[in-house]
Amino acid sequence: MSSTTLPTKNTAVEPDFLPLEGTDYVEFYVGNAKQAAHYYMSAFGFQALAYAGPETGVKDKASYAVRQHKLTFVLTTPLRPGNEIADHIYKHGDGVKSLSLRVNDAAKAWEETTRRGAKSYLAPVTLKDEEGEVVMSGIYTYGDTIHLFIERKNYSGAFMPGYRAWTNPHFKPADTGLLYVDHCVGNVGWNQMNPWVKFYEDVMGFKNILSFDDDDISTEYSALMSKVMSSGNGFVKFPINEPAEGKKKSQVEEYLEFYNGEGVQHVALATNDIVKTVRELMSRGVEFLKVPTTYYDDLLDRVGHIDEDLAPLRELGILVDRDNEGYLLQLFSKPVEDRPTLFFEIIQRKGAKSFGKGNFKALFEAIEREQEARGNL
Ligand code: FE2
């Protein structure tokens with residue numbers, strides 16, 4: 001097992017041409033946005049934030065924005081067939097359309113990235129209402145996924161023009177301690193990891209900070225390769241997975257088959273108290289992958305001292321891994337739709353900046369048990 005932490009090139013003299021302030025929101029195209037919004041509120045503890053649809057002058061779609069701390073999800077559904085959103089759902093099922101990134105200058109972000117070869121999704125537009133203006137632009141990334149660049153420094157409304165504030169005084173589920181997007185992982189096709197790594201390097205100025213080959217990430221059956229891409233300032237991290245040859249079908253292949261192409265595999269959500277967060281999510285019906293309880297028998301020998309009691313970690317199935325900067329606790333949900341595609345990771349970092357390599361084997365064996373139950377192994 002050896003992963004490579006790559007030396008970062010000397011970039012001190014190169015200014016970051018795409019300074020990202022973080023993830024602005026994650027937008028999902030879904031079959032029923034009203035019910036999806038309710039799921040993220042009731043199960044994940046988001047609050048109602050804003051709504052756009054026919055009542056706000058948007059004739060072809062309905063969007064619900066929900067928020068928890070710095071985490072904003074937008075659930076969007078088409079109102080009629082025969083358009084980009086409806087086609088996306090027909091092809092992929094419910095899934096992530098946009099990993100939207102906060103910038104100080106959305107026009108410049110679009111110019112810099114398209115000049116470097118990005119395919120434009122949306123030329124810069126300025127959206128205005130009485131609360132100010134939001135400038136938005138966008139480029140394509142893998143599959144039908146996009147990055148929107150969001151400039152909102154001159155906006156004081158609930159979310160953005162076109163939306164109206166949305167509250168429900170009778171339904172305010174308690175939050176579950178989810179704070180912000182830690183990282184978003186994309187699954188790409190055979191031999192496509194390196195071209196997408198190059199895209200993030202050349203077009204967005206990202207650096208490859210970590211690589212895993214198929215020796216790191218393989219079990220008897222499932223194998224994949226992964227490279228972690230990070231924005232210049234480290235605020236945005238996008239690991240990219242591709243399948244690798246194993247005895248049977250890789251979990252990435254299963255995703256590609258059911259998503260019908262490349263797309264977002266998981267979004268990792270940060271918490272400061274994973275035991276509390278996971279207990280809350282489970283009690284509200286979120287299902288997680290379960291590793292065998294033997295995982296905990298020699299856990300402390302593997303990771304050394306941790307602040308948490310072992311009993312609740314074992315009870316909830318929370319995984320622990322250590323790198324040379326500290327440790328992290330993590331847990332992965334089962335897919336949150338009927339296709340075995342998108343899932344969520346819950347992560348608490350205690351110094352570690354890595355992604356839980358030490359858990360890959362136990363985790364992938366758990367994934368394979370699920371794959372086998374679906375008849376897809
Ligand atoms: Fe992850």
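The values are calculated or read from the model by the stated rules, or taken from the named source; none is laboratory data. No experiment lies behind these values; they were computed from the predicted model shown. Cβ sites come from the backbone with ideal geometry, for glycine too, and all protein chains shown count toward neighbours. Keep in mind that these areas ignore ligands, DNA and RNA; they rest on the heavy atoms of the full protein, side chains included. Shrake-Rupley method; radii C 1.70, N 1.55, O 1.52, S 1.80 Å.
Close contacts from segment 331-357, counting a first residue that is over 16 Å from Lys237 (Cβ atoms) and among the charged types (D, E, K, R) and a second that is more than 12 Å from the ligand (Cβ to nearest atom) and assigned to a strand (DSSP E or B), with Cβ to Cβ under 8 Å and a gap of 6+ residues or different chains, come to Lys334/Phe288; Glu337/Gly95; Lys350/Gly326; Lys350/Tyr327; Lys350/Leu329. Does any residue of segment 323-338 turn out to be within 17 Å of the chain's Cα centre (by Cα), surrounded by fewer than 21 Cβ atoms within 10 Å (Cβ to Cβ), away from the ligand (no atom under 16 Å from the Cβ) and part of a loop (DSSP other than H, G, I, E, B)? Looking through segment 323-338, at least one residue is within 17 Å of the chain's Cα centre (by Cα), surrounded by fewer than 21 Cβ atoms within 10 Å (Cβ to Cβ), away from the ligand (no atom under 16 Å from the Cβ) and part of a loop (DSSP other than H, G, I, E, B).
Among the residues of segment 123-157, those identified as open to solvent by less than 40 Å² (accessible area, probe 1.4 Å) and of a type in the set (Gly, Ala, Ser) are Gly132, Ser137, Gly138, Gly143, Gly157.
In the set Pro19, Pro15, only one residue is free of Cβ contacts under 8 Å to residues at least 12 places away in the same chain, surrounded by fewer than 22 Cβ atoms within 10 Å (Cβ to Cβ) and farther than 20 Å from Leu281 by Cβ; that residue is Pro15. For Lys353, the test of being surrounded by fewer than 20 Cβ atoms within 10 Å (Cβ to Cβ) and within 13 Å of the ligand (Cβ to nearest atom) is passed. Every condition in (1) touching a Lys or Arg at 6+ places or on another chain (Cβ under 9 Å); (2) open to solvent by 60 Å² or more (accessible area, probe 1.4 Å) is met by Ser42 except one, and the failing one is (2). The residues of segment 24-54 that are more than 19 Å from the chain's Cα centre (by Cα), assigned to a helix (DSSP H, G or I) and within 23 Å of Asp175 (Cα to Cα), listed by number, are Lys34, Gln35, His38, Ser42. Based on what the data block shows, is Lys198 out of contact with any helix residue (DSSP H, G or I) (no Cβ under 6 Å at 6 or more places or on another chain), surrounded by fewer than 16 Cβ atoms within 10 Å (Cβ to Cβ) and without any contact (Cβ under 8 Å) to a residue 60 or more places away in the chain? When the stated conditions are applied, Lys198 passes them.
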